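I have a structure I would like to understand better, so I am pasting it below and will then ask my questions one at a time.
Values in this text are rule-based calculations from the coordinates and carry no lab data. Just so it is clear, the structure is predicted and the values come from calculations on it, not from any experiment. Using ideal geometry, Cβ is built from the backbone for each residue, glycine included, and neighbour counts are taken over all protein chains shown.
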Ligand code: PAF
């Protein structure tokens with residue numbers, strides 16, 4: 001995680017650099033919400049030039065129906081971005097601009113972090129994310145890139161792309177933005193019916209419960225308590241609840257918690273919509 005102190009240091013280093021512009025990039029799939037806006041605001045603060053890309057990337061969807069029903073509202077997105085700052089640049093390519101005639105997904109070696117959590121549930125998803133992120137970074141050659149903590153596994157994947165191909169890019173991970181009921185903001189939330197949203201606080205409440213009771217229960221016990229908390233709500237299915245190390249995404253090593261930085265990852269399917277969230281359980285060092 002990027003601490004405020006680290007950010008300040010970075011800002012100073014960047015500002016002192018030889019008059020070179022700092023180019024920031026916020027990759028998105030559109031349907032922007034306050035979570036995205038917080039990334040753009042951060043980028044505006046830290047960079048001289050900001051690019052927001054809006055591209056629903058077909059290569060990262062393993063389910064064609066999920067791709068087809070992904071919410072799109074370009075006009076609203078553009079208005080939202082421009083209302084932050086008229087000078088923000090917006091990149092809206094089409095599939096052909098990015099992939100040409102055939103969508104080909106690169107294959108990356110993510111050292112197994114793509115083989116857990118979302119990686120199991122959505123085969124090929126992270127190769128698709130890696131492919132588009134690499135293409136965008138090649139096009140824009142940004143200095144800073146901005147991603148949300150909500151998609152924590154994705155930030156680890158993007159960091160691997162950066163480490164392997166773009167040593168000069170620095171990723172800034174911004175905190176999850178939540179609605180009043182604790183729901184982590186996501187473009188997919190707009191697919192939820194009013195009824196489905198009634199008990200939606202159960203997701204964040206479960207993460208908070210896990211944090212408060214982390215030392216009291218084993219991983220398995222926590223998981224079964226949380227399964228009950230979630231599934232007592234009609235239409236809610238717990239897809240996974242796992243306690244994993246923030247750095248390696250291996251299962252938490254409770255005996256060496258200082259080294260492990262345990263984080264809870266949850267995915268709940270509510271009326272067919274996959275909602276993911278995560279929360280740090282022990283202090284990160
Ligand atoms: O998090 C997202 O919205 C997407 O996965 C990303 C990073 C824009 C790549 O398509």
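Okay, helix-only estimate at 222 nm for the chain: each DSSP H run of n ≥ 4 adds -39500 (n - 2.57), divide by all residues, round to 500 deg cm²/dmol; what do you get?
Numbers: 12 runs with 114 residues, N = 285.
Using -39500 (n - 2.57) per qualifying helix, the result is -11500 deg cm²/dmol.
Along each principal axis of its Cα atoms, how long is the stretch 146-224 end to end? Whole angstroms, biggest number first, please.
44, 35, 17
Something else now. Classify the stretch 140-276: rounded, prolate or oblate, from the alpha-carbon gyration tensor (a ≥ b ≥ c, eigenvalue square roots; a/c under 1.5 rounded; otherwise prolate if a/b is larger than b/c)?
oblate
Let me ask something else about it. Can you tell me the relative contact order of the chain? Whole percent, Cα pairs under 8 Å, sequence separation 6 or more.
In percent, rounded to a whole number, it is 16.
Provide 91, 110, 146 in ascending order of the number of other Cβ atoms located within 10 Å of each residue's Cβ, fewest first.
91, 110, 146
If one computes P(r) from the Cα atoms of the stretch 220-270, what percent of pairs lie at distances over 14 Å?
Value for the stretch 220-270 (Cα pairs over 14 Å): 53 percent.
So, one more: If you project the alpha carbons of the stretch 200-285 onto their three principal axes, what span does each projection cover, largest first, in Å?
Extents along the principal axes, in whole Å: 38, 23, 18.
Ordered by packing density, taken as the mean number of other Cβ atoms within 10 Å over each peptide's residues, highest first, how do 245-257, 45-57, 165-177 rank?
On the way: 245-257: 15.1, 45-57: 20.1, 165-177: 16.6.
Answer by packing, highest mean first, reads 45-57, 165-177, 245-257.
May I have the pair-distance distribution P(r) for the chain, computed from all Cα-Cα distances with 5 Å bins from 0 and rounded to whole percent?
The distribution over the chain is 1, 5, 11, 15, 18, 18, 14, 10, 5, 2, 0, 0, given as percents.
Another question, then. Roughly how far apart, in whole Å, are the Cα centres of the stretch 187-252 and the stretch 137-185?
23
Neighbouring Cβ atoms within 10 Å as the yardstick, rank 194, 258 fewest first.
194, 258
Also, quick follow-up: Could you work out the percent of alpha carbon pairs in the stretch 80-219 separated by over 25 Å, rounded to a whole number?
Of the Cα pairs, 44 percent sit more than 25 Å apart.
How long, wide and thick is the stretch 39-106, going by the Cα atoms along their three principal axes, in whole angstroms, largest first?
36, 24, 17
Let me ask something else. Quick one: check the C-alpha center-to-center distance for the stretch 17-61 versus the stretch 73-127, whole angstrom.
Rounded to whole Å, the Cα centres lie 12 Å apart.
What is the ratio of the Cα radius of gyration of the stretch 20-75 to 2.2 N^0.38 Å, where N is its residue count, to two decimals?
Its radius of gyration relative to the 2.2 N^0.38 Å reference: 1.33.
Please arrange 106, 219 by counting, for each residue, the other beta carbons lying within 10 Å of its beta carbon, fewest first.
By the 10 Å Cβ count, ascending, the order reads 106, 219.
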